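This report concerns only the one structure given below.
The values are calculated or read from the model by the stated rules, or taken from the named source; none is laboratory data. This structure is a prediction, so every number in the text was calculated from the model and none was measured. We place every Cβ from the backbone using ideal geometry, glycine too, and count neighbours over all the protein chains shown.
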Amino acid sequence: MDEVVKILIVEADDIIQQAITKKLTENGVDCFETKTAVQLSGSLEMLDRNVFDLVLLDLYLPDSTGINTLKSVRSAIPNTPVIVFVEQADIVSVKNICGEMQTSYVTKDSGFVDKLLKTICHVVHNIHQKELELGNQKFRIYIDNAPDGVFIANYNGLFIDVNNAACTMSGYSRDELLHMQTTDFIAEESKNDAAEHLKKTVTVGNAVADLWYVTKNGEKRCFTIKAVKVSDKELLGFCRDITIRKQMELSLQESEARFRAIAEYSHDAIGILNEKGKFVWINHRFVEISGYSYDEIMGSDIFQERLSSDSADLVVGNIRKFLDRKHYDNHYYFSFLNKNDRLCYAEMYMTDFVDKLGKRNLVLHYLDVTERKLVDEKVKAQLQELLRWQDIILGRETRIIELKGEVNELCDKLGQPSRYNLKL
């Protein structure tokens, strides 16, 4: 029922109507909202179109009289409280009918309006009581069938009441739990947190904590406990089993710790770009190779700005392809200038992943190959020099062979034997 009680007054006498309305207004202030009807037909139409909390009914109307009036109204609203107005002479005949139809009555005699007001207050009180009882029953049904564990405990942590889910989660029966305290099956590692949680609930009025419990069968489970202080003696708590989520979180934390241990101190530079192309994480080696500080790199475009002219299109183009969700080259070589304007060479590996928030990230993993590049160039230069000398030496040997051939020809012309054996 709303706070405002909606009442339909079915009374043909205007004076009585006004007297009732005035009395309700004076005593109820804004608690009562009234509508009136002077005939049975009109009242039935109003009952069909509106919902009323209470009907005040005169049995003698222009279009209906006596018990038939009540029967017609009761047919329309079998469950709505009705108070009928009866003449003193009709009390005996009406009394039994009213009892059968769960209807109250007030006699039209001296003090009629005052008696009516008392009866209205009594009926409204009964309505509220029934609704409260119904609400309590519904609340109990909701609590008993709630998927989360629900418990009531005193300030010492002694259980006063628990629902079915709390029994299922703990493994204990209701009778067993009602002889236990909240700390009786707290896991050792959560005892201090549980004590702080209870203390905060009592002093502040509410608290939330993730606590580990040991169930009756010895299994360790993690519950989120949300507790509130509902009175000077009692606490209301809601618990949800988050064991699987907690295990996943711990596993994720271990994975992240392993990743950081490997990535932070890797000999290779590693950086992560977000969907906007900004760095959200870099390792120590990345800082060392670039020459820039952590703060200078994070959230900036320095990496792209310091690319050499012959590498800018390649690297920036691949990052752009990632941002546009297109296929990109995941392995290539590039060069860049560090903070000291030293030209550095690197071998790049790129891959992307989706984080726990559903955001795409690009991992830049590159090896500093500057020394290798310089060594390669030095070896290449040495090889070219060797080839040059080889050409020079081979050229001289060819000329010597040619001169020896010419000497042999002169000897032959002079009739002398050849001096050099040029046959291979």
Does TYR265 satisfy the condition of being surrounded by 15 or more Cβ atoms within 10 Å (Cβ to Cβ), aromatic (Phe, Trp, Tyr) and touching a Lys or Arg at 6+ places or on another chain (Cβ under 9 Å)? no
Among (1) within 18 Å of ILE270 (Cα to Cα); (2) assigned to a helix (DSSP H, G or I) - the single one PHE336 does not satisfy: (2)
Select the helices (runs of 4 or more DSSP H) contained entirely in region 212-325, then report the ones holding at least 1 residues which are closer than 26 Å to PRO147 by Cα. 243-264
Inside region 76-117, can you point out the residues that are within 56 Å of the chain's Cα centre (by Cα) and at positive phi? GLN102
Which ones in region 351-399 are among the hydroxyl-bearing types (Ser, Thr, Tyr), part of a helix (DSSP H, G or I) and closer than 30 Å to ASP329 by Cβ? THR370
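Which of the residues spanning region 25-79 are charged (D, E, K, R) and in contact (Cβ under 8 Å) with a residue 60 or more places away in the chain?
Hit for region 25-79 is ASP53, nothing else.
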Within region 325-351, restricting attention to residues that are charged (D, E, K, R) and loosely packed, with under 15 Cβ neighbours inside 10 Å, which residue is nearest to GLY277 (Cα to Cα)? ARG325
All strands (runs of 3 or more DSSP E) inside region 17-88 with 3 or more residues being not β-branched (Val, Ile, Thr): 32-37, 54-58
Would you tally the residues in region 140-158 being over 26 Å from the mean Cα position of the chain (by Cα) and within 21 Å of LYS233 (Cα to Cα)? 8
Got a sec? Which of ASP368, ASP341, ASP355 is within 44 Å of the chain's Cα centre (by Cα), without any contact (Cβ under 8 Å) to a residue 60 or more places away in the chain and within 30 Å of VAL280 (Cβ to Cβ)? ASP355
Some residue of region 38-52 being of a type in the set (Ser, Thr, Tyr) and either modelled with pLDDT under 90 or not assigned by TED's automatic domain parsing to the domain that holds PRO78 (or both): no
What is the number of the single condition among (1) over 23 Å from ARG140 (Cβ atoms); (2) within 22 Å of the chain's Cα centre (by Cα); (3) of a type outside the set (A, V, I, L, M) that GLU196 does not meet? (2)
Hey, any hits in region 304-327 for a residue that's touching a helix residue (DSSP H, G or I) at 6+ places or on another chain (Cβ under 9 Å) and of a type in the set (Phe, Trp, Tyr)? no
Restricting to region 285-301, count the residues that are closer than 18 Å to LEU367 by Cα and surrounded by fewer than 15 Cβ atoms within 10 Å (Cβ to Cβ). 1
Looking only at region 183-218, which residues are buried (at least 17 other Cβ atoms within 10 Å of the Cβ), out of contact with any Phe, Trp or Tyr (no Cβ under 7 Å at 6 or more places or on another chain) and among the hydroxyl-bearing types (Ser, Thr, Tyr)? THR201
Odd one out for GLU264, checked against (1) touching a Ser or Thr at 6+ places or on another chain (Cβ under 7 Å); (2) of a type outside the set (S, T, N, Q); (3) modelled with pLDDT under 85: (1)
Going by the structure shown, is ASP30 within 54 Å of the chain's Cα centre (by Cα) and at pLDDT below 90? yes
Taking only pairs six or more apart or across chains, which ones have beta-carbon atoms under 8 Å, a first residue in region 159-181 that is within 18 Å of LYS233 (Cβ to Cβ), and a second residue that is among the hydrophobic types (A, V, I, L, M, F, W, C) and in a helix (DSSP H, G or I)? PHE159/LEU177; VAL162/LEU177
By residue number, the members of region 89-145 that are small (Gly, Ala, Ser), more than 27 Å from SER75 (Cβ to Cβ) and either touching a Ser or Thr at 6+ places or on another chain (Cβ under 8 Å) or in a helix (DSSP H, G or I) (or both) are GLY135
